[in-house]
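The values are calculated or read from the model by the stated rules, or taken from the named source; none is laboratory data. Remember, predicted model here, so these are calculated numbers, not experimental data. Glycine gets a Cβ as well: all are built from the backbone with ideal geometry, and neighbour counts include every protein chain shown.
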Amino acid sequence: MIQFDKFILANGLKVIVHRDTSTPIVAMNILYNVGARDEQPDKTGFAHLFEHLMFGGSVNIPDYDEPLECAGGENNAFTTNDITNYYLTIPKPNLETAFWLESDRMFGLAFSPKSLRVQRDVVTEEFNESHLNQPYGDVWLLLRPLAYKVHPYQWSTIGKEISHIQNAKLDEVKAFYQKYYNPNNAIMVVAGDVETEEIKQLAEKWFGPIPRGGEYLRNLPAEPPQTTKRTLTVERNVPYDAIYLAYHMCNRFHTDYYPTDLLSEVLSGGDSSRLEQELIKKQRLFSEINAWITGDIDEGLFIISGKLVSGVAMDKAEAAIVSELEKLQTETTNERELQKVKNKMESMIVFSEMKVLEKAMGLAYAELMGDASLYNEEMEHYMAVNAEDLRRVAQRIFIPGNCSAVYYLAKKS
């Protein structure tokens, strides 16, 4: 059980404090409630661009990294379709440096044509490196718009196309910042050997003066149920054929999220998993195969992807995957197999609770979901899943009309 205190500043900033006396390092995590799903269809990639811009210096601090490194700290960030998350670790005696840095860039990020140009170039290079110049790198640029036709999950965090970032104007970037980077759209977690009263004083000192922003009311279009299978075949300069199957699944708040997550573990959670044993070791159809869930706040995707062994036909490979999915729909998962994946999930949760930074991230995300106390309930939800839950969820998800398939073929020489 992770203990924590919570308070809210007058400007709306939610602050969570978790005391962990086992480490001299303090973690600070600031989650902004904005992701790629909040972008306009003709201006995508802005949330990810901001992940870069936020390290470009603020009005009073031209270089974010230098003072943090001088204080013995480390930092990083990530963007998803749902959130943008900034985190750092720093020795306890230098904790106020973290408050100084994070509050200043929340209050007054430095904007200039030069900084925007530099970060646009960085993101463009990242787009080319990760999605165009890497084998199978463009698959999410293909699979997302195939699976989603209405909801903004149809584009990746890097954007629909890089021209949206290359053409971003300074006033558009400023407007994005002013709309989303406000204390009332953020959750801050401080975890380490700290006292709540100490954090209250620091939060009031550094974040309290930041004015509250406008209220953002998210009103995203719901993706209608998919009833017909969608397919896309592409040829690329890659070594092996690959297949990507995407099935629509429930959102992160739904009780079926937990059996769905365990289904992905049954299919590909380690060497003894079904896809590994049957399709790689026994039938020798794939050189690698994986199943996972996107875990999105809105309705997400259950993904199965695999690299085919040379000479294996695509229809044969897909039929073998579907056969394994049908077994989940018609047969009851035995208790030993179910307990195995539960044990794995339990160990993952326990190990994450040993790391102060992961606890800070987990508490922030749980608060975004409704209440930080939900972080302590994850284990209970997974342990409550039974074999019938797995079969019921498999029957709902793994139906042909709910599938979007990308057949990724290696070009013939």
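One line per residue, one yes/no per condition, for (1) under 19 Å from residue 77 (Cα atoms); (2) at pLDDT 95 or above; (3) of a type outside the set (A, V, I, L, M, F, W, C):
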{"residue": "120", "(1), (2), (3)": "yes, no, yes"}
{"residue": "166", "(1), (2), (3)": "no, no, yes"}
{"residue": "171", "(1), (2), (3)": "no, no, yes"}
{"residue": "186", "(1), (2), (3)": "yes, yes, no"}
{"residue": "201", "(1), (2), (3)": "no, yes, yes"}
{"residue": "204", "(1), (2), (3)": "no, yes, yes"}
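Would you confirm, using the coordinates I've provided, whether residue 240 is of a type in the set (Ser, Thr, Tyr), modelled with pLDDT under 90 and part of a loop (DSSP other than H, G, I, E, B)? In short, no.
If the condition is being assigned to a helix (DSSP H, G or I) and either among the charged types (D, E, K, R) or buried (at least 18 other Cβ atoms within 10 Å of the Cβ) (or both), then segment 116-138 contributes 116, 117, 119, 120, 121, 123, 125, 126, 127, 129, 131.
Only one of the numbered conditions (1) under 23 Å from residue 184 (Cβ atoms); (2) of a type outside the set (Lys, Arg); (3) surrounded by fewer than 21 Cβ atoms within 10 Å (Cβ to Cβ) is violated by residue 54, and that is (3).
Among the residues of segment 211-257, none is identified as under 14 Å from residue 299 (Cβ atoms) and more than 25 Å from the chain's Cα centre (by Cα). Those helices (runs of 4 or more DSSP H) of segment 296-413 in which 2 or more residues are in contact with a Pro (Cβ under 9 Å, 6 or more places away or on another chain) occupy 387-397.
From the list 311, 370, the lone residue that is within 30 Å of residue 85 (Cα to Cα) and either of a type outside the set (A, V, I, L, M, F, W, C) or touching a residue at least 40 places away in the same chain (Cβ under 8 Å) (or both) is 370. Does at least one position in segment 292-307 carry a residue that is at positive phi and in contact with a Phe, Trp or Tyr (Cβ under 8 Å, 6 or more places away or on another chain)? Looking through segment 292-307, at least one residue is at positive phi and in contact with a Phe, Trp or Tyr (Cβ under 8 Å, 6 or more places away or on another chain). Looking across segment 259-283, just one residue is surrounded by fewer than 19 Cβ atoms within 10 Å (Cβ to Cβ) and within 16 Å of residue 348 (Cα to Cα), and that is 270. A count restricted to segment 269-294 and to residues that are within 22 Å of the chain's Cα centre (by Cα), closer than 21 Å to residue 343 by Cβ and either part of a loop (DSSP other than H, G, I, E, B) or modelled with pLDDT under 95 (or both) stands at 2. Evaluating residue 184 against the criteria (1) in contact with an Asp or Glu (Cβ under 8 Å, 6 or more places away or on another chain); (2) assigned to a loop (DSSP other than H, G, I, E, B); (3) not hydroxyl-bearing (Ser, Thr, Tyr) leaves one unmet condition, (2). Of the residues making up segment 44-66, not a single one is under 16 Å from the mean Cα position of the chain (by Cα), under 21 Å from residue 221 (Cα atoms) and among the charged types (D, E, K, R). Checked against (1) part of a helix (DSSP H, G or I); (2) modelled with pLDDT of 95 or more; (3) of a type in the set (D, E, K, R); (4) within 27 Å of residue 300 (Cβ to Cβ), residue 149 passes all but a single condition, namely (1).
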